[in-house]
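Everything on this sheet refers to the single structure shown next.
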Amino acid sequence: MSKEYVERVINWVKERNPGEVEFHQTVEEVLTSLIPVLEQHPEYEECALLERLVEPERGVTFRVVWVDDAGKVQVNKGYRYQFNSAIGPYKGGLRFAPNVYPGIIKFLGFEQIFKNSLTGLPIGGGKGGSDFDPNGKSDAEVMRFCQAFMTELYRHIGPETDVPAGDLGVGAREIGYLFGQYKRITNRFDGGVLTGKGIPYGGCLGRTEATGFGIVWYAEEMLKANGEEMKGKTVAISGFGNVSWGTAWKLQQLGAKLVTISGPDGYIYDPDGINTDEKLQMMLELRASGKNVCAPYAERFPNAKFVAGKKPWEVKADLYIPCATQNEVHMEDAEAIVASGAKFYCEGSNMPTTNEALAYLQDNGIIVGPAKAANAGGVACSCIEMGQNAGHTVFQHQDVYDQLHQIMINIHKACKEASEKYYGKYDLVKGANIAGFEKVAEAMMAQGLV
Ligand code: 2IT
């Protein structure tokens, strides 16, 4: 009965959102997990709860017009999908990347509902972005683009309405330009209208590393629940951006040995470990270069090897953490991970694993930490930033870390307990979907047909 309901809604999403494959993928993955919960709540089907969950409350698409350094007029698409506000104002990042289209923003926005609910904090789900490619653009071009983007976005957001942050291609610099333009238009210092701000103007200490730290704390809980510890583990990660850097830093602190990072150009294998301050600094330099390549790492540290055009999943490790982008782990990568004898796989980036690869990893006994739980430390820290701004105060670094660590422990516990309750086993993927869903469903039921 519930199985048919779920299948019907999945097909309905596919028909209504043609070609948006990433959105279909995440809806399928999430809704399928919810079947045993729906069995116990027939009232959810009667009031079309799933149909309402998969249909964003609001979505805006807008034109972004700006002038490049050569004086040429450029036109991009801008998006903001406000998915669900049952438990708090919409909250979620902005992604600037050339492949951005509604299927990507909707998959991210839909995931964000459950992730934000898992944090235990009062934030709804949303996501936005643009097909603007920040790579290779001058600082002045990025500023003009951000100003043009905010000139439309400002009318849809607000500290109690929708609070965007960064995602791929949107870091502290972009948030600064976006915030400056918001303030110029509205004449309001609404600190909590954007998160990931710079420290001098309302930013939260620790936000830059929060996502990566949270991922490693979550992975540590996975290890502990299975009688192991982080110290001494060999770890392979992808990416070299913000999330990868925070992950590398926390792995260093916990005494794990990180041996890979990657970029669109290939991956770095460093047998000595990417675990010195100088090497972590190098990751920041790679990002700041704006070239989107990781090869220069091997020039600086000659013991390291650059493998062109490949992904790091062929390197043997105890724990794998994809931290780059969606669908970076396919079936052949999952096969390599299983063949390596690894026991743990923790998603860092949003939906890094195809549904097929995810099932293969789990079917072969790998313990999988899902992104919507593992990377929730970023948005949790964003919510701490909102609280700081609302209270016109400043939180200390260690306070933020302590809160964040506890939130990650709580999320792992919630995922574990939900999967044990409904599936009678330790399956964090299903548990995350269920634990995230339960609170949102209850809030939606209480608020009537809206
Ligand atoms: O995917 C994510 O959770 C983010 N990009 C961060 C969202 C946020 O509002 O901090």
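The values are calculated or read from the model by the stated rules, or taken from the named source; none is laboratory data. Everything numeric in this text was worked out from a predicted model, so none of it was measured. Counting neighbours? That spans all protein chains shown, and the Cβs are built from the backbone with ideal geometry, glycine included. When the accessible area is computed, the model is the full protein with side chains, heavy atoms only, and any ligands, DNA or RNA have been set aside. Shrake-Rupley method; radii C 1.70, N 1.55, O 1.52, S 1.80 Å.
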- Please verify whether the range 384-405 includes one or more residues that are of a type in the set (A, V, I, L, M, F, W, C), more than 16 Å from the ligand (Cβ to nearest atom), within 21 Å of the chain's Cα centre (by Cα) and open to solvent by less than 40 Å² (accessible area, probe 1.4 Å). no
Output for Cβ contacts, cut-off 9 Å, separation at least six or different chains, first residue assigned to a strand (DSSP E or B) and open to solvent by 10 Å² or more (accessible area, probe 1.4 Å) in the range 162-175, second small (Gly, Ala, Ser) and more than 11 Å from the ligand (Cβ to nearest atom), reads 166/172
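State which residue is most open to solvent (accessible area, probe 1.4 Å) when the search covers only the range 440-450 and only residues that are part of a helix (DSSP H, G or I) and out of contact with any Ser or Thr (no Cβ under 7 Å at 6 or more places or on another chain).
Of the range 440-450, the ones part of a helix (DSSP H, G or I) are 440-446.
Next, only the ones that are out of contact with any Ser or Thr (no Cβ under 7 Å at 6 or more places or on another chain) stay: 441-446.
On the way: 441: 0, 442: 131, 443: 20, 444: 17, 445: 70, 446: 90 Å².
Here the answer is 442.
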Q) Can you find even one residue in the range 49-62 that is within 16 Å of the ligand (Cβ to nearest atom) and β-branched (Val, Ile, Thr)? A) no
When residue 195 is run through (1) open to solvent by 10 Å² or more (accessible area, probe 1.4 Å); (2) within 14 Å of the ligand (Cβ to nearest atom); (3) part of a loop (DSSP other than H, G, I, E, B), the failure sits at (1)
Listed by first then second residue, the pairs whose first member lies in the range 273-293 and is modelled with pLDDT of 95 or more, whose partner is open to solvent by 10 Å² or more (accessible area, probe 1.4 Å) and among the basic types (Lys, Arg), with beta carbons under 6 Å and at least 6 positions apart or on separate chains, are 273/257; 282/300
Boolean, residue 62 is farther than 25 Å from residue 7 by Cβ, touching a residue at least 60 places away in the same chain (Cβ under 8 Å) and in contact with a helix residue (DSSP H, G or I) (Cβ under 9 Å, 6 or more places away or on another chain): yes
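Name the one entry in 73, 100 that is over 24 Å from residue 197 (Cα atoms) and out of contact with any helix residue (DSSP H, G or I) (no Cβ under 6 Å at 6 or more places or on another chain). Walk me through it before giving the result.
Working: 100 fails: over 24 Å from residue 197 (Cα atoms).
Criteria check complete, one pass: 73.
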With the first residue restricted to the range 238-255 and required to be touching a residue at least 60 places away in the same chain (Cβ under 8 Å), and the second required to be charged (D, E, K, R), Cβ contacts under 8 Å at 6 or more apart or on different chains are 238/311; 238/328; 241/287; 242/287
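Find the helices (runs of 4 or more DSSP H) located wholly in the range 35-82 whose residues include 1 or more that are open to solvent by 60 Å² or more (accessible area, probe 1.4 Å), and list them. Lay out the reasoning, then the answer.
Working: elements: 35-40, 42-46, 49-54.
Filter on the range 35-82 gives 35-40, 42-46.
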Exactly one of 399, 427, 333 is out of contact with any helix residue (DSSP H, G or I) (no Cβ under 8 Å at 6 or more places or on another chain) and not hydrophobic (A, V, I, L, M, F, W, C), and that one is 399
Reported set for the range 419-439 where residues are part of a helix (DSSP H, G or I), open to solvent by 10 Å² or more (accessible area, probe 1.4 Å) and free of Cβ contacts under 8 Å to residues at least 24 places away in the same chain is 420, 421
By residue number, the members of the range 67-99 that are under 17 Å from the mean Cα position of the chain (by Cα), farther than 21 Å from residue 29 by Cα and away from the ligand (no atom under 11 Å from the Cβ) are 80, 96, 97, 99
